[in-house]
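**Student:** Quick one: this structure, given as structure tokens, is what I'll be asking you about.
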Amino acid sequence: MLRLAVLGHPVAHSLSPAMHAHALRSLGLPGTYEALETPLVHLADRLEEVRREYRGVNLTIPLKEKALEFVDWAAPEAKAIGAVNTVLSLKGHLFGFNTDALGFLEALKAGGIPLQGPALVLGAGGAGRAVAYALKGAGLEVWVWNRTEERALALAEAFGLRAVPLERAREARLLVNATSVGLNAPEETPLPAELFPEAGAAVDLVYRPLWTRFLKEARARGLLVQTGLPMLAWQGALAFQIWTGLLPDPKGMEEAALRALGG
């Protein structure tokens, strides 16, 4: 019996249990996937519990960065991004991975979003680092913007990117909202409508609401758009593959997440 879970604080709203329950059923694997409320101060103890009793876990806010300290081994992409979102527990050892970067690229590919630069990543937090790392690795010219300029400059220096003012968005061919602006606030957007380019694509990692103001305004300008669910599904499918050796259908996981959202 596979024991899997997602750790976070808060975590009750997570769509991961719905996605991974679907994955287990679709592949005929006996197992459970729980949402375990885990404040940052309890992360070390929780991971010791994972070491003893679980095959693996996902990690979400605010645990991804701190988890690097507690795993026995971390994959190169997890070290580079500075965050672990997937832990495999095997024979008493904890192995840390980050599936956000590859999950983002696979979601773009599956959605027919062209990998064309320059790409402007809005946000220099954990999600922004994963997206910037992925796009740089895919060979694109990557620009970063953050409300706090120092964070954008630090990310740009770490990955060999360019920190730019928001007005450069007009010149980008791929826009990615990796900020939390718009989360549970449909009226908010990180980018004024007049700064959208004339062509290209826009992706929002926020999925509550599914159609953010950022995406609606991008679509109104004629840009290709993608919601946050495909990346969520792909990073989950890749995590499931790490735990089991089997890759579930990301589209099925996305549809399970959409049902859990009430869509």
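**Student:** Looking only at the range 99-114, which residues are open to solvent by 30 Å² or more (accessible area, probe 1.4 Å) and part of a loop (DSSP other than H, G, I, E, B)? Reasoning before the result, please.
**Tutor:** From the range 99-114, those open to solvent by 30 Å² or more (accessible area, probe 1.4 Å) are 102, 105-106, 109-112, 114; that's our starting set.
If the condition is that a residue be open to solvent by 30 Å² or more (accessible area, probe 1.4 Å) and part of a loop (DSSP other than H, G, I, E, B), then 111, 112, 114 are the ones that fit.
**Student:** In the range 216-227, which residues are surrounded by fewer than 24 Cβ atoms within 10 Å (Cβ to Cβ) and touching a strand residue (DSSP E or B) at 6+ places or on another chain (Cβ under 7 Å)? It would help to see each step written out before you state the result.
**Tutor:** Taking the range 216-227 first, the residues surrounded by fewer than 24 Cβ atoms within 10 Å (Cβ to Cβ) are 216-217, 219-227.
Result: 219, 223, 224, 225, 226, 227.
**Student:** While we're on this one: Could you please give the count of residues in the range 64-93 that are out of contact with any strand residue (DSSP E or B) (no Cβ under 6 Å at 6 or more places or on another chain), part of a loop (DSSP other than H, G, I, E, B) and in contact (Cβ under 8 Å) with a residue 24 or more places away in the chain?
**Tutor:** 6
**Student:** A follow-up question, please. Tell me, yes or no, whether the range 3-10 has at least one residue that is touching a Gly at 6+ places or on another chain (Cβ under 8 Å) and basic (Lys, Arg).
**Tutor:** yes
**Student:** Another question, if that's okay. Out of (1) farther than 23 Å from residue 259 by Cβ; (2) β-branched (Val, Ile, Thr); (3) surrounded by fewer than 18 Cβ atoms within 10 Å (Cβ to Cβ), the odd one out for residue 32 is which?
**Tutor:** Going through the list (1) farther than 23 Å from residue 259 by Cβ; (2) β-branched (Val, Ile, Thr); (3) surrounded by fewer than 18 Cβ atoms within 10 Å (Cβ to Cβ), residue 32 breaks only (1).
**Student:** Still on this structure, please answer the following. Could you identify the single residue in 96, 117 that is farther than 30 Å from residue 164 by Cα, among the small types (Gly, Ala, Ser), touching a Leu at 6+ places or on another chain (Cβ under 7 Å) and not in a helix (DSSP H, G or I)? Before you say what the answer is, go through the steps one by one.
**Tutor:** On the way: 117 fails: farther than 30 Å from residue 164 by Cα.
Residue meeting the stated conditions: 96.
**Student:** Also, I was wondering about something else. If I go through the range 35-57 residue by residue, how many of them are open to solvent by 10 Å² or more (accessible area, probe 1.4 Å) and within 18 Å of residue 232 (Cβ to Cβ)? Before the answer, list the steps.
**Tutor:** Taking the range 35-57 first, the residues open to solvent by 10 Å² or more (accessible area, probe 1.4 Å) are 35-37, 39-42, 44-46, 48-49, 51-55.
Cutting the leftovers down to within 18 Å of residue 232 (Cβ to Cβ) gives us 35.
Final tally of qualifying residues: 1.
**Student:** Inside the range 204-263, can you point out the residues that are more than 19 Å from the chain's Cα centre (by Cα) and modelled with pLDDT under 95?
**Tutor:** 262, 263
**Student:** Now for a different question. Within the set of pairs 6+ apart or on separate chains, which have a first residue in the range 103-132 that is in the same structural domain as residue 167 (by the TED database), a second that is open to solvent by less than 20 Å² (accessible area, probe 1.4 Å) and among the acidic types (Asp, Glu), and C-beta atoms under 6 Å apart?
**Tutor:** Note: pairs meeting the criteria are 130/100.
**Student:** Tell me, which residue of the range 137-173 that is under 17 Å from the mean Cα position of the chain (by Cα) and within 18 Å of residue 200 (Cβ to Cβ) is most open to solvent (accessible area, probe 1.4 Å)?
**Tutor:** It comes out as 138.
**Student:** Of everything in the range 16-58, what is outside any helix (DSSP H, G or I) and among the acidic types (Asp, Glu)? Give them in sequence order.
**Tutor:** So the first thing to find is which residues in the range 16-58 are outside any helix (DSSP H, G or I), and the list is 27-39, 54-58.
Result: 34, 37.
**Student:** Looking at the range 174-203, which of its residues are within 21 Å of residue 101 (Cβ to Cβ), open to solvent by less than 20 Å² (accessible area, probe 1.4 Å) and small (Gly, Ala, Ser)?
**Tutor:** Hits for the range 174-203 are 178, 201, 202.
**Student:** Quick one: what pairs do we get from the range 8-23, first residue within 8 Å of residue 253 (Cα to Cα), second open to solvent by less than 10 Å² (accessible area, probe 1.4 Å) and not in a helix (DSSP H, G or I), C-beta under 7 Å, 6+ apart or different chains?
**Tutor:** Every condition considered, the pairs that remain are 20/4; 23/248.
The values are calculated or read from the model by the stated rules, or taken from the named source; none is laboratory data. All values derive from a computational prediction rather than experimental measurement. As a convention, Cβ positions derive from the backbone with ideal geometry for all residues, glycine included, and neighbour counts pool all protein chains shown. All accessible areas refer to the heavy atoms of the entire protein, side chains included, with ligands and DNA or RNA removed. Shrake-Rupley method; radii C 1.70, N 1.55, O 1.52, S 1.80 Å.
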